[in-house]
Amino acid sequence: MILAVLMAGLVGCYFLFVKNDDTPVPEMPVTEENSTVEPSTQEPSTAEVSTFLAVAESTTFEVLSEDNITPLPTPETIIIDEEKFNLTLVNNRYRMPEDYAVQKACAVDGYDVELDYRVAPYYQAMYDAAKADGIYLTPYSGYRRYSTQQTNYQNKTAYYLQQGYTETEALALAARIIMPPGSSEHNLGLAMDICGTDYDFDQTDAFAWLKEHAAEYGFILRYTEEKQSVTQVVYEPWHWRFVGVEYAKEINESGLCLEEWLSMKNLMPTVQADG
Ligand SMILES: [Zn+2]
């Protein structure tokens, strides 16, 4: 019992330390050896969490082809419709207003990771349900400040500049992995990066559980492997986006990504007038 409390405290401290996701993650190659799949039936340790993230970050470099780099479009600032906050679209084309204030709440008791206060209860419910099935949907990164996103994006852009890409190319490549500030669903508190103990998150029991049940709690897999050409974002099996219970199932059944589904429904964002 005492050990369990101590472990929870340690994990809590870890998340307190890294919650803003601004700690540089070391590069680490994925090898056959370290991609062994094991069931996510235990809360990951601090070391396992950092290894998972290091591998997750480096894996993404290879997913999208780098020989056809489309320059980033000039983003437009959207008007957020509070009535349909759960369907807010942000991406490389649509950006949230920089001064938009997200009201946050703790996503899971005991973790210092936040989501929009309207989303957090759904994550907690999903977390509890998974836990009852012996699965840990450990929250790693939820709400992220605009300024933190800016720093992360700049760091990623700098990485590609160092690799010899032009500025236009570096900005576009970076955006496939870390969204520019205001373009990330984390800035709105609508998405959670879920951390498993395993390197290939889509091979885990946690991922299988999410595929089966996340929609019941209003969450969808946002950046799928098949829709990378539409989203312009690499496949991110750990990134789960809240759209609401009433829409998650419908979106899944449509086989469309959020951009396509919103467009079909005539629900694309309203943009602010110039000037
Ligand atoms: Zn994410």
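The values are calculated or read from the model by the stated rules, or taken from the named source; none is laboratory data. None of these values were measured; they are calculated from a predicted model. Methodologically, a virtual Cβ is constructed for each residue, glycine included, from the backbone with ideal geometry; neighbour enumeration extends over all protein chains shown.
A few comments on the model shown:
- Identity of the residue in region 102-160, part of a strand (DSSP E or B), touching a residue at least 40 places away in the same chain (Cβ under 8 Å) and touching a helix residue (DSSP H, G or I) at 6+ places or on another chain (Cβ under 8 Å), that ends up farthest from the ligand (Cβ to nearest atom): K104
- Restricting attention to region 161-219, the residues that are within 16 Å of the ligand (Cβ to nearest atom) and among the basic types (K, R) add up to 1.
- Any pair with Cβ under 9 angstrom, 6 or more apart, that starts in region 169-193 at a residue that is within 13 Å of N92 (Cα to Cα) and in contact (Cβ under 8 Å) with a residue 24 or more places away in the chain and ends at one that is within 11 Å of the ligand (Cβ to nearest atom) and assigned to a strand (DSSP E or B): S184/A191; E185/A191; E185/H239; E185/R241
- Residue in region 210-232 that is in contact with a His (Cβ under 9 Å, 6 or more places away or on another chain), assigned to a loop (DSSP other than H, G, I, E, B) and of a type in the set (K, R) present: yes
- Scanning region 227-235 finds one or more residues that are of a type in the set (K, R), more than 19 Å from I78 (Cα to Cα) and more than 12 Å from the ligand (Cβ to nearest atom).
- Members of region 81-101 found to be crowded, with 17+ Cβ neighbours inside 10 Å and either assigned to a loop (DSSP other than H, G, I, E, B) or among the aromatic types (F, W, Y) (or both), listed by number: F85, T88, L89, V90, N91, N92, R93, Y94, M96
- Residues in region 253-275 that are surrounded by fewer than 17 Cβ atoms within 10 Å (Cβ to Cβ) and within 14 Å of L87 (Cα to Cα): E260, S263, M264, K265, N266, L267, M268, T270.
- Residue in region 82-92 that is modelled with pLDDT under 95 and closer than 26 Å to A175 by Cα present: yes
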